[in-house]
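The values are calculated or read from the model by the stated rules, or taken from the named source; none is laboratory data. Keep in mind the model is a prediction, meaning the values are calculated, not measured. Backbone-built Cβ (ideal geometry, glycine too); neighbour counts: all protein chains shown. Surface accessibility is based on the protein's heavy atoms, side chains included, excluding ligands, DNA and RNA. Shrake-Rupley method; radii C 1.70, N 1.55, O 1.52, S 1.80 Å.
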Amino acid sequence: MEKVSITIDGYSLEVDSGKSILSAALEADLYIPHLCHHPDLPDAGECRLCVVEIEGQGEIKTSCTTQVEDGMVIHTKTEKLNNMRRLSMELMLANHVDDCTTCPKYLKCELQSLIQYLEVSTSRLRRTLNSVPVNTVNPLFVRDLNRCVSCGRCVRACKELRGVDVLNYEMTEDDRVVVDVKNHHTMAEENCRFCGACVEVCPTGALQDKEGVFKPNLNRELELIPCKAECPIHTDVPKYVRAIKEGRYQDAIATIREKAPFPHSLGYVCMAFCESACRRKEINQSLSIRELKKFAAAKDEGLWREHVTYKPKTGKRVAVIGSGPAGLTAAYYLTKLGHEVTVFERSPVAGGMLSTGIPKYRLPREAVQAEILEIERTGVTILTNTKVESLEDLKREGFDKILLAVGAGKGNRLPIEGADYSNVYENIEFLERASLGDSEPVGEKVIVLGGGNVAFDCARQALRLGAKDVVIACLESREAMTASEEEISEGLKEGIRLMNGRTFLAIEGSENKGTGVRCQEVSSFTFDENGKLQLEVKPESEHVLKADTIIFAAGQKPELPKQWDVPVKKGNLIDTDDDIRVKGREDLFAAGDVVYGTHSVVQAIAAGRKAALVIGKELNGDGDIEDKLAKDVTPNPCLGKSEGFLKTERQGCVDSCYKESAACTEAGRCLQCDLRTQITRPKLWVHYKIK
Ligand code: FES
């Protein structure tokens, strides 16, 4: 690029020709006041704050719209210019409310900062507060025209940067020109894409995000991308959704794999916290992110493998006890850090809850086994049918660190008469036996005692094993059940009957065989300060629910061998510092459900990642487990117009996975909140060297 020489306020600069005077000055850390200029937008010369005098050129110019020329001698801070600026500011302020302290942009407002810099009296600010009602009808943004100074940044961002062109200068009934949605329509009527660019570039509080849409106190990227923030492993959701939209399926799966070695399993059973945070739900329904993940995983051709990095071998050995998602995730990343990892699994199959807890109808075993095979490929050794009796023995065998990731796999049996009859099971035990194919055939009548998701897993599994009449009985009312709404409605559709408000007195039966559950109806219940259940039962409501198979689904806890002698807290959970280090035990770590009780698969993966990081550091490494598997493709900031974009409904799956066209349509519903992170945040005058 050709260079030209200019002088600004006595400073000689060599700058690229073709630049505006304002950009040249700002890049050289020389401040010229400006407001309607934004580094990512074409300049319009609206605010007239950036005025300069150029020697030999009589008229005053706006520096944002004037190109540099060789030999230019420019003055930016003469008395005349300062007066002009103050006048321009006062004109702008005449239409602005004077209650800065109540503005969400207070102390972050570019206008406020300029008032300070130019020492303008705020007496010109309009005295009447909020004379135009604040527009809150939009699901995501708030528009407050009382704070708009018509700088036009939002109009240019929408039109030039995004190519959507929803905003414009419009006349009000009292003949004022204001920025508004074209033709005074709603944003939806003008096919707004809800990308947030207008809010991002607004220098005042005229356009704001609705309160509650974003979580405060996060770094900027996580704040602006709620799906990524809510995901416990911060998967880059918009990045893989965009890749699916563009047919780059291998980039999509590589992006997901950067954070988790179980993408396909997550595609089936993730609790999808991302979907609850998705901003699209404010418009119609949230994006079907989990289904898109499953789609990407089903398309996996393994091209990401060539980008996986392995650190040099360290000679250190780590024992991981438990091969659930927490243990295997930790093992995977620790192996990549160069350590030799052996996973010990008491069951005949690896995978923990993925293989033996979550029923097959929800999570196909082939998907799990393929992912475990991939983990083994990195060099992880998994020993199944191997119970670890002594941690000391492992140390003697030369393991430098031990990670306990045994989950919470011991179901609770209520302490009632008959609870140990042969046809009475615990939830996890029942599911495990069903998964491993060694369950006794269930009887015709099955009763599950409990009201959480696991109770539904047991009940639905029982139906699939041939039960004809399955009842879920629990203490809670239908509304207070802890199972997810989705799980309850699916269960009811399959014919499961609910019996709410029951307390269980005994298992009826004889000769080691239960024949039913003696119950009583509950009118109310509370827990006292010690967490003890206080019940009020309905008089004369005792009755027996007949059953051939009875399953307790009343929570579960970790099962820890006595000889391990690890410190535990309530619920038999391992007592840790920082959720990872076992209290008072050097070289011993714990991760996943065994630390915090039953939670989601993705939470367990997050715990496994954290364990790898902490143990990696302890083994004198940097603990850096970040992978870069996907190509960086800069997203196109120009979204363009899209008729019907807002009306497109969430796509359903046929035959358990999206077809390509449905996946593309669904991915196309994404608001692409991440594009907002590409927008430059303008610097305030205080941040310039020469001001
Ligand atoms: Fe140049 Fe506003 S910044 S006119």
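The table below lists the values:
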| item | result |
| --- | --- |
| Counted residues, the stretch 257-315 - those being at positive phi and open to solvent by less than 20 Å² (accessible area, probe 1.4 Å) | 2 |
| Within the stretch 52-73, tally of residues that are assigned to a strand (DSSP E or B), of a type in the set (A, V, I, L, M) and more than 14 Å from the ligand (Cβ to nearest atom) | 2 |
| Any chance D9 is near the ligand (Cβ under 10 Å from one of its atoms), acidic (D, E), at pLDDT 95 or above and open to solvent by 10 Å² or more (accessible area, probe 1.4 Å) | no |
| Among (1) open to solvent by 70 Å² or more (accessible area, probe 1.4 Å); (2) more than 43 Å from the chain's Cα centre (by Cα); (3) charged (D, E, K, R); (4) closer than 30 Å to A434 by Cα - the single one K570 does not satisfy | (2) |
| Flag for L87 being more than 16 Å from A24 (Cβ to Cβ) and either open to solvent by less than 20 Å² (accessible area, probe 1.4 Å) or part of a strand (DSSP E or B) (or both) | no |
| Those residues of the stretch 16-29 which are more than 11 Å from the ligand (Cβ to nearest atom) and crowded, with 21+ Cβ neighbours inside 10 Å, in sequence order | A24, A25 |
| Wholly enclosed strands (runs of 3 or more DSSP E) of the stretch 496-606 bearing at least 1 residues within 30 Å of A467 (Cβ to Cβ) | 497-499, 502-510, 513-527, 533-537, 543-546, 549-552 |
| Which listed residue is outside any helix (DSSP H, G or I) and in contact with an Asp or Glu (Cβ under 9 Å, 6 or more places away or on another chain), from P232, P238, P261 | P261 |
| Boolean, L49 is open to solvent by less than 20 Å² (accessible area, probe 1.4 Å) and either closer than 21 Å to T680 by Cβ or in a helix (DSSP H, G or I) (or both) | yes |
| Selection status of K239, surrounded by fewer than 24 Cβ atoms within 10 Å (Cβ to Cβ) and within 16 Å of R676 (Cα to Cα) | yes |
| Residue check for Y106: of a type in the set (S, T, Y) and more than 14 Å from the ligand (Cβ to nearest atom) | yes |
| Scope the stretch 60-117; condition under 42 Å from the mean Cα position of the chain (by Cα) and small (G, A, S); matching residues | S113 |
| Tabulated pairs, the stretch 556-581, first within 26 Å of N427 (Cα to Cα) and at pLDDT 95 or above, second among the small types (G, A, S) and part of a strand (DSSP E or B), C-beta under 8 angstrom, 6+ apart or interchain | V566/A590; I574/A590 |
| V201 within 16 Å of the ligand (Cβ to nearest atom), crowded, with 20+ Cβ neighbours inside 10 Å and of a type in the set (V, I, T) | yes |
| Residue ID - nearest to the chain's Cα centre (by Cα), chosen from residues in the stretch 4-46 that are among the aliphatic types (A, V, I, L, M) and in a loop (DSSP other than H, G, I, E, B) | L41 |
| Some residue of the stretch 201-218 being free of Cβ contacts under 8 Å to residues at least 60 places away in the same chain and within 30 Å of L334 (Cα to Cα) | yes |
| Long-range neighbours under 6 Å by Cβ, at least six apart or interchain, first residue farther than 14 Å from H37 by Cβ and open to solvent by less than 20 Å² (accessible area, probe 1.4 Å) within the stretch 60-76, second more than 13 Å from the ligand (Cβ to nearest atom) and part of a loop (DSSP other than H, G, I, E, B) | V68/K19 |
| Residue, nearest to the ligand (Cβ to nearest atom), within the stretch 30-46, restricted to residues that are open to solvent by 40 Å² or more (accessible area, probe 1.4 Å) and modelled with pLDDT of 95 or more | D43 |
| Counted residues, the stretch 369-394 - those being farther than 19 Å from T329 by Cα and part of a helix (DSSP H, G or I) | 4 |
| Selection from the stretch 157-182 of residues that are within 16 Å of the ligand (Cβ to nearest atom) and open to solvent by less than 20 Å² (accessible area, probe 1.4 Å) | A157, V179 |
| Pairs where the first residue, in the stretch 150-176, is at negative phi and the second is more than 16 Å from the ligand (Cβ to nearest atom) and open to solvent by 70 Å² or more (accessible area, probe 1.4 Å), C-beta under 7 Å, 6+ apart | V164/K641; Y169/V177; E170/H184; M171/V177 |
